[in-house]
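**Q** Here it is, the structure in full.
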């Protein structure tokens, strides 16, 4: 078992190394605050998306959000993140922030060719990474596979090359030496004890929390915003977690109160909702950051169906500088579904009992001479 | 323990630090890559539950006995969004499953590939219940 786990880890690690090796710093460039995003018709697949570019940028400049009864800019509705745009800019797009129409068309074609309903599910950034390499999408589980790709929603293509807008190279800044050492220790601990108990498994797998902020696309990546006087509530479909955030002058809770989703306070800067969050639990994790994470989120509705969600994360114990992500969330008429996780989480039982069975089988093997 | 090459360690560090959520849980942690299975069975029910749906099938063995298998799939929320409902895979439907059996030896497997006996992909092919053609044009 250990050797298989290691082999799998090594395979994934090798892939990650390749991706990491593609990091090529580029000259600084200032991204437009509202980059034009292509909208796609409902039900359109990555490959059959209309290539007609709507006059999004012009519409965004002139669009003014409506108001709630108490006069706040109205951000309410259900918003989705099914973008194909990767978190970090791949090497193939180094130095390029946006794709032109020709490149967009080629990407859509390649994305359609990279995956089909009967292929193994291709999650997250793997789809675009396969598309730009003109390869078939790869399973994250090369040994067992997952399930058919028809279990996933269809993805949308826009003209950006990374969700990260700062640094200008579109890449997560280098880790600090202490963060590198922590990550190595964590990885070693996971190799030693992959499943001694549920505590060894990731938080999401345990149905505890999927954290915030969220960058994952195409996997129950739906959000509902509800506003009332003095508060905004953000419902996350994945994990059915709800952030209830005061939008009024109020100090943070004391430093000893640490929570999975931190302690958030909101205020308005013009039509932009700004939310500052601190007090994350040391058991939480966003890209390796937890208790020292300082999160500033900005929600700006730039069209009837587009809500620009930008956030900046800083943690000097993890990253050598802050970094900023912008995700253009899309308004949808679809419903939010409850994600009742724990009560149906028989996978956890299978993982733990499976590891016990493997240990028993290994113990029953005759000792090597 | 086997020694990992430096590149793999570096990769693992990056992975631990930067891995986003792609799915709910790792199937290779639950299912055994050394136990591939190919099952043909009759659907008895489907659990449209999170974090992963389960399809229950009866598999008749050559000796005539019947095994009751559970096949793990993806999150059902996306299926609803694609227009599939609890009527899209009805009891009695014959399906073929390619996957891997659970490490704990129980009659569970992942549905790496789900097909109908005529080779079409389940749900997006026809299930014989009219499901695929029910996929709405929104």
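The values are calculated or read from the model by the stated rules, or taken from the named source; none is laboratory data. Since the structure is predicted, the reported quantities are computational estimates derived from the model, not experimental observations. FYI the Cβ positions are ideal-geometry reconstructions off the backbone, even for glycines, and counts take in every protein chain you see.
**Q** Please enumerate the residues belonging to the stretch A:84-128 that are part of a strand (DSSP E or B) and more than 10 Å from every other protein chain (Cβ to nearest Cβ).
**A** A:98
**Q** Any residue at all in the stretch A:330-348 that's crowded, with 20+ Cβ neighbours inside 10 Å, at pLDDT 95 or above, out of contact with any helix residue (DSSP H, G or I) (no Cβ under 8 Å at 6 or more places or on another chain) and away from chain B (no Cβ under 11 Å)?
**A** yes
**Q** Against the conditions (1) in contact with a strand residue (DSSP E or B) (Cβ under 7 Å, 6 or more places away or on another chain); (2) surrounded by fewer than 22 Cβ atoms within 10 Å (Cβ to Cβ); (3) touching a residue at least 24 places away in the same chain (Cβ under 8 Å); (4) over 24 Å from residue A:324 (Cβ atoms), where does residue A:116 fall short? Just the number, please.
**A** Residue A:116 satisfies all of (1) in contact with a strand residue (DSSP E or B) (Cβ under 7 Å, 6 or more places away or on another chain); (2) surrounded by fewer than 22 Cβ atoms within 10 Å (Cβ to Cβ); (3) touching a residue at least 24 places away in the same chain (Cβ under 8 Å); (4) over 24 Å from residue A:324 (Cβ atoms) except (1).
**Q** Closer than 30 Å to residue A:248 by Cα, modelled with pLDDT of 95 or more and assigned to a loop (DSSP other than H, G, I, E, B): is that true of residue A:75 in this structure?
**A** For residue A:75, the condition - closer than 30 Å to residue A:248 by Cα, modelled with pLDDT of 95 or more and assigned to a loop (DSSP other than H, G, I, E, B) - is met.
**Q** Take residues that are in contact with a strand residue (DSSP E or B) (Cβ under 6 Å, 6 or more places away or on another chain) and free of Cβ contacts under 8 Å to residues at least 40 places away in the same chain and tell me which of the strands (runs of 3 or more DSSP E) falling wholly in the stretch A:214-310 contain 1 or more.
**A** Once the strands (runs of 3 or more DSSP E) in the stretch A:214-310 are filtered for at least 1 residues that are in contact with a strand residue (DSSP E or B) (Cβ under 6 Å, 6 or more places away or on another chain) and free of Cβ contacts under 8 Å to residues at least 40 places away in the same chain, what remains is A:231-236, A:241-246, A:263-269, A:272-278, A:294-303.
**Q** Would you pick out the residues in the stretch B:66-88 that are more than 12 Å from every other protein chain (Cβ to nearest Cβ), modelled with pLDDT under 95 and under 15 Å from the mean Cα position of the chain (by Cα)? Talk me through it step by step, then tell me what you get.
**A** Step one: list which residues in the stretch B:66-88 are more than 12 Å from every other protein chain (Cβ to nearest Cβ), which gives B:66-69, B:85-87.
Cutting the leftovers down to modelled with pLDDT under 95 gives us B:85-87.
Within the stretch B:66-88, none qualify.
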